[in-house]
Amino acid sequence: MIRDVNQIPDKTASGPFYLEALNPEQREAVVSLDGPVLVLAGAGTGKTRALTTRLAHLLATGRARPWEILAVTFTNKAAREMKLRIGALIGEAVEGMQWLGTFHAICVKILRRHAELVGLKPDFTILDTDDQIRLLKQLIKARNLDEKRWPARRLAGCIDNWKNRGLTPDKLKPEDAESFANGLGAQLYAEYQARLKTLNAVDFGDLLLECLRLFQNNPDVLESYQLRFAYMLVDEYQDTNVAQYLWLRLLAQRHKNVCCVGDDDQSIYGWRGAEVSNILRFETDFPGAKIIRLERNYRSTGHILAAASHLISHNDDRLGKTLHTMDEDGDKVVLKSVWDGEEEARGIADEIEALQQGGHSLNEIAILVRASFQMREFEERFLMRGLDYRVIGGPRFYERMEIRDAVAYLQLAANPDNDIKLERIINTPRRGIGAASVQLLARTARAQGVSMMNAARQLAGTDEIRGRARSSVRELVMNFDRWRGMIETTAHTKLAEIILDESGYTAMWQADKSAAAPGRLENLKELINAMGEFENLAEFLEHVALVMDTETNEQTDKINLMTMHAAKGLEFDTVFLPGWEEGLFPHQRALDETGKAGLEEERRLAYVCLTRAKKRAAVYYTANRRIHGLWQTALPSRFVSELPDDHVISDAGQGQAENYGVSRFDTAQFAAPKSFGHQKAKIIRTSYETAKKASDFQNGERVFHMKFGYGLIEAVEGNRLTIQFDTSGRKRVLDNYVERHP
C-alpha cells in the first residue's frame, strides 16, 4: 500500500543535514516533491548531487519506500554512482531501490515478469548488434536481395530508428518503408520481428518497444506500475527518444510526481534518436510544472563559461539559462590557427609536454575530436614522443572476438533456441561442419518452425548429414544438452571453464602460434574472473548484454583522446579542441541531413566540449586538412566567429608564445598578432558568410601555394579557386593561401 505522499515527518527548523551543502537552487530541486518538476541543470552545476539528494530526501522523510520510486538513468555507471551517493547519505535503505537503473535494465525486469503477454518466454535472450546483423543478413538473402546494395547494417539502422520512434511494423508510413530495398523495409522489419519471437529473443530497441506495447495493450499491467511508482525521477531527460518519452508519459499519468533533470543545451545524441523537443515541451506535457534552473557552475573558470554561454546563445530552440561561477575568470579560451593536421598534432603535443614538465597530470588533459579519423595523427605523434595516452570509446572487452565466442557458448547453453549464437560457434573450433550442413539445418528449422538446435537433434540421427559432420553435430547437441543440465547444479564460473575446455575452444588458442594467441587466452581467463562477481549465469549474461562501459586503467597517467560525443559527462583541467573547421565541425553530414536542427545540435556539441574544461581550453583550426587521403582547404568553423572577443585570445601560429618568452597558456601576458603573413594560415575571425567574398584572382592566372607549389587557376567561385598544380594535381583552395606568380 502506498503511503500518503502529502505526509512529511517532523524535522528541525534547519532541515536535514544533507541539505546544508546545497545552494538555494539545488535545495529547491530537492524539496519540491509534489507535482511535475523540470530541473534545467547546466554543465557542472551539481545536478547529480541535487538528484541523489532528492532521492535521499524522499526516503528519509517517509514520502516513499524504496520500491515505490522509479529512478531512470542512461548509463549503468550513473546508476551505480547514484546508489553509492544515496547510501552515503541515508544508509542501507538504498538497497531496496530495485527500480533504480537504466531504461533497458528496468524494461528487462518488467518484461521478464510479463514475457508471455508479448509473445516471449521469461528466459528470452537479448541480441547484440553482431547477432542482429547475422539475422538480418539471412532475411535479406532469403529475399534474393543484393546485400552489397542493401547491406544488413543499413537495415539494422533503419529498424533501430523505427523502434526509437516507437513504431512497430504495422505503424510504418510508406515513406519509412521506402527507405530500404524499394519499399521492402516494412516487410523485412515484420519478418525480423517474427524471427526474433521464434528465437525467443529481443534486441535493444525491443526492450523499450515491447515494454511500451505491454503497457498499451494491457491496461491492468500499466495501472499496477502506475500505482507502484509514487515518485519518478529521470536523469539526462534531454537524451530521451520517442519510445522512452512515451513510456515515461504512460507511467507518470497517475501520481504526476515526476522530476526530470536535464539540459537542453547538452542534447547531442539526435543521430541515435534523442529528441530535444521532449525537454522543450515539458511544461506542455505537464501543466503547472515547476521549472528550476541550476546555473551556478562549480567546474569551469569565468572566461570558459562566458565563451560557452555566448556560443550557445546563437541557438533558437532552447529554454534558456546563463551559467555563472563564483571562481576567478582564469585563462581566456585560446584560438590557434595552424597550417595542417600535422602541425596541429605537433603543436598540441608540444603544449602537453610543456604542461607535463610543469607538473600537470596527463589524466587531466583531454583531446576531443569531431571525427575518429582525426585521432591517427595524434596517436602517431604521441607514440613518437613517448607520451602515454588512452583512447576513450575504443575496443571494449566484451567486443573482442574471443570473448564474443565464449559468451556465445554460454548464451547457447542458457538458451538453446538462439540460432544466431549457434551459427557463430557451430564450427569454431573447426569440427567439419561446413556451410552446406549449416544451411541444411537452417532450412529444416524454418520449414518446421523450430530452432536450429532442435533441427540438429533430428538430423543427427538421419543420413541427410553425412560423415564427420553428422557425428560432430550429434556430439555438439549432446554437449549442449549436458551443459544446460549443469546450470542449476554447477557454479557458473566452473561451468564456463568446462564448456570452454570440452568444446575445444581453449585448446584451439593454445595450439595457435600467432602473436595474438597468448593475449586471447589471458582474456578468456579474465572472463572467468569477471563472472565471479555475479550470482549466476543468467545475471552475468544479462550484464554482458546491458553493460558496455569502456575498460580503462585509471591508475595510469595518460592523455585522454576521444570523440566529442564520448566526452559527455567528463571533465578535465585542460581540454584541446582540434579541427574547428567548416564541414568537419559543424559536420557537413549533420548540415545536409537535418539543416538548422543539425547545426544547432553541432553547436550544442561545441558547448559541451568547452564546458568539459575546468581551467584551460584551446581551439585549433587548420588551413588545410587531409581527409581520407585527400587534401582539402579548410574554412574556420562558424563557431569560431561566435566566440566572444572579450573571453578569447588568438595565438596566430606555432612559436608565437616562445617569442614572447612566456607559456602558451599564460594568455594574460601577451596578445599575439592577428596575422602571420601569407606563408602561414591567417587568423580569420569573420563569419562564415563573410569568408565567402569574391576573389580578385582570375581564370588562367599563374599562382604559387606553399603546400602544393606552382599551378594555373581553372575556375573561381567566391574566394575558392580550382587550381591545376604542376606536381600536386587539381585542388580547391582559398585565395588568401596563394600568391600571384609572374
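The values are calculated or read from the model by the stated rules, or taken from the named source; none is laboratory data. What you see is a predicted model; the values in this text were computed from it and never measured. Reconstructed Cβ throughout: ideal geometry from the backbone, glycine too, with neighbour counts over all protein chains shown. Note: areas computed on protein heavy atoms with side chains; ligands, DNA, RNA excluded. Shrake-Rupley method; radii C 1.70, N 1.55, O 1.52, S 1.80 Å.
Residues in region 124-162 that are more than 28 Å from the chain's Cα centre (by Cα) and assigned to a loop (DSSP other than H, G, I, E, B): Arg143, Asn144, Leu145, Asp146.
In region 196-205, is there at least one residue being in a loop (DSSP other than H, G, I, E, B), under 27 Å from Arg254 (Cα atoms) and in contact (Cβ under 8 Å) with a residue 24 or more places away in the chain?
Within region 196-205, the subset in a loop (DSSP other than H, G, I, E, B) is 199-200, 203.
Imposing the further condition that a residue be under 27 Å from Arg254 (Cα atoms) reduces the set to none.
No, every residue in region 196-205 fails to be in a loop (DSSP other than H, G, I, E, B), under 27 Å from Arg254 (Cα atoms) and in contact (Cβ under 8 Å) with a residue 24 or more places away in the chain.
If you go through region 501-530 and keep only what is open to solvent by less than 50 Å² (accessible area, probe 1.4 Å), touching a Ser or Thr at 6+ places or on another chain (Cβ under 9 Å) and modelled with pLDDT under 85, you end up with just Leu521. Among the residues of region 451-499, those that are of a type in the set (A, V, I, L, M) and touching a residue at least 60 places away in the same chain (Cβ under 8 Å) comprise Ile487, Leu495, Ala496, Ile499.
Here Met375 meets each of (1) assigned to a helix (DSSP H, G or I); (2) over 22 Å from Thr563 (Cα atoms) with one exception, condition (2).
Checked against the criterion of being farther than 21 Å from Arg134 by Cβ, modelled with pLDDT under 90, part of a loop (DSSP other than H, G, I, E, B) and over 32 Å from the mean Cα position of the chain (by Cα), region 413-435 contains one or more residues that satisfy it.
Filtering region 319-369 down to residues that are polar (S, T, N, Q) and part of a loop (DSSP other than H, G, I, E, B), which residue is most open to solvent (accessible area, probe 1.4 Å)?
Keep residues of region 319-369 that are polar (S, T, N, Q), which gives 322, 325, 337, 356-357, 361, 363.
Going one step further and asking which of them are part of a loop (DSSP other than H, G, I, E, B), we end up with 322, 325, 361.
Working: Thr322: 89, Thr325: 30, Ser361: 45 Å².
By that ranking, first place goes to Thr322.
When region 693-742 is limited to residues that are in a strand (DSSP E or B) and among the polar types (S, T, N, Q), the one that is least open to solvent (accessible area, probe 1.4 Å) turns out to be Thr722. From the list Gln226, Gln238, the lone residue that is touching a Ser or Thr at 6+ places or on another chain (Cβ under 7 Å) and part of a helix (DSSP H, G or I) is Gln238. Of the residues in region 237-250, at least one is of a type outside the set (A, V, I, L, M) and within 28 Å of Arg638 (Cα to Cα).
Listed here are the residues, each with its yes/no results for (1) at pLDDT below 85; (2) touching a Phe, Trp or Tyr at 6+ places or on another chain (Cβ under 9 Å).
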residue: Trp247; (1), (2): no, yes
residue: Leu250; (1), (2): no, yes
residue: Arg254; (1), (2): no, yes
residue: Asn257; (1), (2): no, yes
residue: Gly262; (1), (2): no, yes
residue: Gln266; (1), (2): no, yes
residue: Trp271; (1), (2): yes, no
residue: Val276; (1), (2): no, no
residue: Ile279; (1), (2): no, yes
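Could you tell me whether Leu155 is farther than 27 Å from Ala414 by Cα, in contact (Cβ under 8 Å) with a residue 12 or more places away in the chain and surrounded by fewer than 20 Cβ atoms within 10 Å (Cβ to Cβ)? No: the conditions fail for Leu155.
When the helices (runs of 4 or more DSSP H) confined to region 14-119 are screened for residues that are open to solvent by less than 10 Å² (accessible area, probe 1.4 Å) and modelled with pLDDT of 90 or more, those reaching at least 3 such residues are found at 24-31, 47-60, 103-113. Of all residues in region 569-595, those that are at negative phi and open to solvent by less than 10 Å² (accessible area, probe 1.4 Å) have Cβ atoms under 9 Å from Cβ atoms of residues that are aromatic (Phe, Trp, Tyr) and assigned to a helix (DSSP H, G or I), 6 or more apart or on another chain, in Pro578/Phe378; Trp580/Phe639; Phe585/Phe639; Pro586/Phe639.
If you go through region 375-399 and keep only what is crowded, with 17+ Cβ neighbours inside 10 Å and more than 18 Å from the chain's Cα centre (by Cα), you end up with Glu377, Phe378, Arg381, Phe382, Leu387, Tyr389.
Looking only at region 179-203, which residues are β-branched (Val, Ile, Thr) and surrounded by 19 or more Cβ atoms within 10 Å (Cβ to Cβ)? Selection gives Val202 alone.
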